[in-house]
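The values are calculated or read from the model by the stated rules, or taken from the named source; none is laboratory data. None of these values were measured; they are calculated from a predicted model. Here the Cβ positions follow ideal geometry from the backbone for every residue, glycine too, while neighbour counts run over all protein chains shown. With ligands, DNA and RNA removed, areas are computed over all heavy atoms of the protein, side chains included. Shrake-Rupley method; radii C 1.70, N 1.55, O 1.52, S 1.80 Å.
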Amino acid sequence: MLTLRHILFLVSTLLLTLFLGASSVVCAQPKADSVTVKGRIKNLTIQLYRQSPNVTVSRNNILQASREMARPAPLEPDGSFQVTLPLVYPYEELYFNFGQISTAFLASSGTVEIALDADSLFLSEAPFRFSGTNAQVNNQLTRYKAFEFKNRPKIDNRQLSRRLAGRSAEDSRKLLTNEFIATYEKFRQTNEVLPLLDQYINSAIRYEVAAFLYDKALAEQNSRLETDVPVSSLRPADDRFLTIQRTTALERFAEYAGSRITDLSLAGSGRSIPISTFARLVDRYVTDLSETERTRIEELKTAKSGQNRDITMLQRIMQRNDEKLSKLLTYETTMAQYRKLVDTTGLDYMKAHFLAMNLPTIELKNQELLYRHITPQVGDPHYRLSLEELYRMEVKDSATVREVAGKFTDTQIDEPVEVLSGVTLLRSSRYGKDFTDQLQKQAQGRLIYILAWSTDVDPSRQEVLASRALQEQLSSRDILFAYVCSNETSLNHWREWVAKNKPKGLHVYVDQDQLGNLLGSLRAEYIPAAGLLGRDGKFIKRDAPLPSKSDDVLKLIREKI
């Protein structure tokens, strides 16, 4: 998937090409429904409560398959709980978690009640009892999940791929459907399945098949998949269910579509947007135009080509507003290419997906810019609601972002500043032993767990977030978490990300050379990477387990405390 930092712009090419760009369409924003999930854990013991004082209910966002939208609900003394979550689709697959116990259930607008008995949590195959909205479906779903766990054969994806060799995409879809639906058909032989549950399971299987086909097409660089299989078979627009299979399939579709774009040269003739599109962007978003520039921009908004003097003028405007215009042009250029490769249903998703993927990698001011520009172009109301959810999560801590920016400026080098309680920022200029000595000074006799990461890379962002659960199980008197970050965006974006997410510890910003030097010390080639330093500042463990491997990290640290 192409992102903002992957595309370089040649302004003269942008101005002279004649391909049509996407026009903005203002759409009324629908409102999300909500579901209240409540219930009680009977016979809750003090030991179980200490292990898990909360239950968690989570759901998916169709634009970010790897991100779980979780809401914790504190347990009351009698074991009761209640939490309300937004819903974008008519029916959404939600996940209930308590300690090591979890289950999926189907939610729609209303109230879902979940009852379970702590005495039978690990004894019963289906310890959950549902009432309220979709009660019959969810109770039958619980039984089906238990049946599926015991009866679904393990699927060898490589062997399955070999069975598809030489088949058309449509034949492959039918074979995969038969393969993935077999366990459900076996369940139906002895159970009268409710119609809503049948629709839900068939929807999940349809998208499981689609994900497999997109993975296969991506691996084989098969550009005919979109024409060989009807879109309604892979991505039906009227599907009422949001499941993890659906979010995964659409993510695979985005990767597949993105791989086809990378085969095209962005710098070649006819690979970009027309001068009229550029002029409309300038007219809408640039405020420092002279009267002469404004007059000519108004004329270029309907022009098919420009003159040499226009190129010079637009180059000047671009130089003055490079950061803003380059991000808008990245989007327009990317969509111009997707428009030639995917159907209108797919293009609508790619617009929303572009914004969803780039929101975590850009600064607050540019998040607002792209959100205002892209969202009105997205036709599907469910995608717009999903974008709104992601955008609100990104900007909700804007006051904290401004507070942190006031305490820690771009000019502070080798000066640690505690910007929030337990959160310290440091821009380092040091390498090698000087760098680890700098960390040791901040640790003040503690062990140091180092995580090398980047705000640009989603897996490394997730590792930083995972470290917060680790810190809850360790004393800050014994261990300092040091997050060493470099990126291709800016120090400002790193500072904003830390301010929004607030992982406690020492956050160090370095340049690419410094990060490469640290990776060498960690004996790692890629980020994220981790290591453990002793109280003397020397490495105890290089290439240490990452925070997502929490048991391994806890074992390593506790052995050395």
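Pro74 passes all but one of (1) closer than 19 Å to Leu197 by Cβ; (2) without any contact (Cβ under 8 Å) to a residue 24 or more places away in the chain; (3) open to solvent by 50 Å² or more (accessible area, probe 1.4 Å); which number fails?
Only one criterion in (1) closer than 19 Å to Leu197 by Cβ; (2) without any contact (Cβ under 8 Å) to a residue 24 or more places away in the chain; (3) open to solvent by 50 Å² or more (accessible area, probe 1.4 Å) is unmet by Pro74, namely (1).
Please list, ordered by first then second residue, the pairs with beta carbon atoms under 8 Å, 6 or more apart or interchain, first in the stretch 204-222 and of a type in the set (A, V, I, L, M), second open to solvent by less than 40 Å² (accessible area, probe 1.4 Å) and in a loop (DSSP other than H, G, I, E, B).
These pairs meet every condition: Ala204/Thr243; Ala210/Arg235; Leu213/Val229.
How many residues, within the stretch 459-485, are charged (D, E, K, R) and part of a loop (DSSP other than H, G, I, E, B)?
Keep residues of the stretch 459-485 that are charged (D, E, K, R), which gives 461, 463, 468, 472, 477-478.
Adding the requirement that they be part of a loop (DSSP other than H, G, I, E, B) leaves 472, 477-478.
So the answer is 3.
May I ask you to list pairs of residues, at least six apart or on different chains, whose Cβ atoms are under 9 Å apart, with the first in the stretch 136-155 being under 10 Å from Thr183 (Cα atoms) and the second being among the aliphatic types (A, V, I, L, M)?
Note: pairs meeting the criteria are Tyr144/Val193; Tyr144/Leu197; Tyr144/Ile201; Arg152/Ala182; Pro153/Ala182.
Being closer than 27 Å to Asn492 by Cα and either β-branched (Val, Ile, Thr) or open to solvent by 20 Å² or more (accessible area, probe 1.4 Å) (or both) is the filter here, so list the residues in the stretch 525-561 that pass it. Walk me through it before giving the result.
Step one: filter the stretch 525-561 for residues closer than 27 Å to Asn492 by Cα, giving 525-531, 546-548.
Scanning the stretch 525-561 gives Glu525, Tyr526, Ile527, Pro528, Leu546, Ser548.
Among what's in the stretch 81-105 and is of a type in the set (S, T, N, Q) and surrounded by 15 or more Cβ atoms within 10 Å (Cβ to Cβ), pick the residue that is nearest to Tyr200 (Cα to Cα). Outline the logic, then answer.
Taking the stretch 81-105 and keeping what is of a type in the set (S, T, N, Q), we get 82, 84, 97, 100, 102-103.
The next check asks that each one be surrounded by 15 or more Cβ atoms within 10 Å (Cβ to Cβ); those that pass are 82, 97, 103.
Working: Gln82: 25, Asn97: 21, Thr103: 16 Å.
Top of the filtered list is Thr103.
Are there any pairs with C-beta distances below 7 angstrom linking a residue in the stretch 517-545 that is without any contact (Cβ under 8 Å) to a residue 24 or more places away in the chain to a residue that is part of a loop (DSSP other than H, G, I, E, B) and not small (Gly, Ala, Ser), with the two at least 6 apart or on different chains, and if so which?
As it stands, the answer is Arg542/Arg523; Asp543/Arg523, since those pairs meet every condition given.
What is the residue count in the stretch 350-381 for residues that are open to solvent by less than 10 Å² (accessible area, probe 1.4 Å) and outside any helix (DSSP H, G or I)?
Result for the stretch 350-381: 2.
Are any of the residues in the stretch 363-384 under 14 Å from the mean Cα position of the chain (by Cα), closer than 12 Å to Leu63 by Cβ and not basic (Lys, Arg)?
no
Within the group Asp198, Asp171, which residue is among the acidic types (Asp, Glu), at pLDDT 90 or above and within 31 Å of the chain's Cα centre (by Cα)? It would help to see each step written out before you state the result.
On the way: Asp171 fails: within 31 Å of the chain's Cα centre (by Cα).
It is Asp198.
Output the qualifying pairs, or none if there are none: Cβ atoms under 7 angstrom, residues six or more apart or on different chains, first residue in the stretch 398-424 and farther than 27 Å from Ile479 by Cα, second residue in a helix (DSSP H, G or I) and open to solvent by 30 Å² or more (accessible area, probe 1.4 Å).
Listed pairs, sorted by first residue: Ser398/Leu364.
Can you name the residue in the stretch 116-145 that is at pLDDT below 95, among the small types (Gly, Ala, Ser) and surrounded by 15 or more Cβ atoms within 10 Å (Cβ to Cβ) and, of all such residues, is nearest to Arg59 (Cα to Cα)?
Only one residue fits best here, namely Ala126.
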